[in-house]
Amino acid sequence: MSRSPALSPAAPTAPAPSLSGTLSSVTVLGLGPMGRALAAALLRAGRPTTVWNRTPGKAAELVARGAVLAATAAEAVAASPLTLVCVLDYDAVHAVVGPAAEALRGRTLVNLTAGSPARARAAALRAAELGIDYLDGAIMVPVAAIGGPAALVLYSGPQAVYEAHRGALAQLGGTAVHLGADPGRAAGHEVALLDIFWTAMSGIVHGFALAAAEGVTAPDLLPYARGIGGLLPGIIDGFAGQIAAGRYPGEDSSLLSAATAMAHVLDAAAQHGLDTGVLTAAHALARRAVDAGHGGDGFARLAEVIGERAA
């Protein structure tokens, strides 16, 4: 799974022991890079860990470190009160968990697979019908951060279920945040944050491509690109306040000026035959706002324009 960088992590919470004084076991279904990282973090914390993967051969290192490899998903689920599933998508979740549904009855499933809020809510509803406690989670860091202080995982679903397994979840590292009972809320945060991340990533690589077309090497552009990136935290803070207040001052930089600047970039890119799909879409959105009479407003006004379009 591919995730965005961490967001202001805090110190990890100490794990909670079981009533017997020993740590309860956790099962991890799915041993792609992120699944292996989750299992490894649990093992480092001394948590008994059972693992299973549809494709054999990915558990050897984890088994060498103390994990138990189950023969089937149902066997893996039966080994623990808590199961984490982290696979490619929700279709894969259903393929993995479906045959183990009876074994999961009366236990907890935490789905750490990326997906839409609607699919998270549907999965929670199906889990409830099967007698399975369900939390949806969003991992907001790359694989390398799992188990360390920079890890950030967002959860949503019943508060009591989260609290019952808070100790084990804390062992994934960094900061764990419960966002509320709505099972789609973690995914709602995730898709919005990944929207920011991947749109920004697209702009970065396009900027380097445009620079190269003009004979500017990546090392030459680098210090100035970093400067542009350094502007973003303050802009994000300002936009959040403006959007919350519904006021979009444009005295310093208006939508009309932004649309004009985008047009200059598009013209330069077109002269080199570069793909301009992403910026063309952004420019069209800005022009639509200008044509609707918002040209004197600030750029954050586009959040409302996008919302009106969706409605």
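Every number in this text was worked out from the coordinates using simple rules, so none of it is lab data. Only a predicted model underlies this, so the values are computations on that prediction, with no experimental measurement involved. Neighbour counts run over all protein chains shown; Cβ positions are idealised from the backbone, glycine included.
Basic side chains Lys and Arg get +1 at the Cβ, acidic Asp and Glu get -1 at the Cβ, and with that the dipole of the chain about its Cα centre reaches some 960 debye. Match the structure shown to one of the listed values (1) 19.1; (2) 20.7; (3) 16.0 of mean projected area of the Cα convex hull in nm², computed from it, and give that label. The calculated read-out lines up with (1).
Remark: the range 55-105 carries a charge dipole of roughly 160 debye about the Cα centre, counting +1 on each Lys and Arg Cβ and -1 on each Asp and Glu Cβ.
Kirkwood radius for the range 69-165, taken over all pairs of different Cα atoms as the inverse mean of 1/r, rounds to 13.8 Å.
Full extension of the segment from Thr55 to Asp291, taken as 0.36 nm per residue of separation minus the current Cα-Cα distance, would add 79.6 nm.
With everything on Cα atoms, drop me the angle between helix 33-44 and the longest principal axis of the chain, reported from 0 to 90° to the nearest 10. Between the helix axis and the principal axis of the chain, the angle is about 50 degrees.
In terms of Cα atoms, the Rg and Dmax of the range 214-310 work out to 15.1, 44 Å. Put simply, the amide H of Leu152, placed in the peptide plane, has neighbours under 5 Å in Met140, Val141, Thr175, leaving out anything fewer than 5 places away on its chain. As a calculated quantity, the FRET efficiency between Leu232 and His272 at R0 = 30 Å, using C-beta atoms, amounts to about 0.70.
Modelled spin-label separation between Arg44 and Gln159, with each label point placed 7 Å from Cα along the Cα-to-Cβ direction: 3.2 nm. Between Ala240 and Ala95, the FRET efficiency estimated from the beta carbon spacing at R0 = 35 angstrom works out to 0.35.
Which whole number of Å³ per residue matches the convex hull of the alpha-carbon atoms in the range 152-244? Mind showing how you got there, number by number?
Values: hull volume 12.2 nm³, N = 93.
In the range 152-244, the Cα convex hull volume per residue is 131 Å³.
Using the Karplus relation 6.51 cos²θ - 1.76 cosθ + 1.60 with θ = phi - 60°, the per-residue 3J(HN,Hα) values for the range 176-189 come to 10, 10, 8, 9, x, 6, 4, x, x, 5, 5, 5, x, 5 Hz, with x marking Gly and Pro.
Subtracting the Cα-Cα distance of Tyr224 and Leu88 from their residue separation scaled by 0.36 nm leaves 45.3 nm. Here each label is just a point 7 Å from Cα along the line to Cβ, and for Glu129 and Glu308 those points are 4.0 nm apart.
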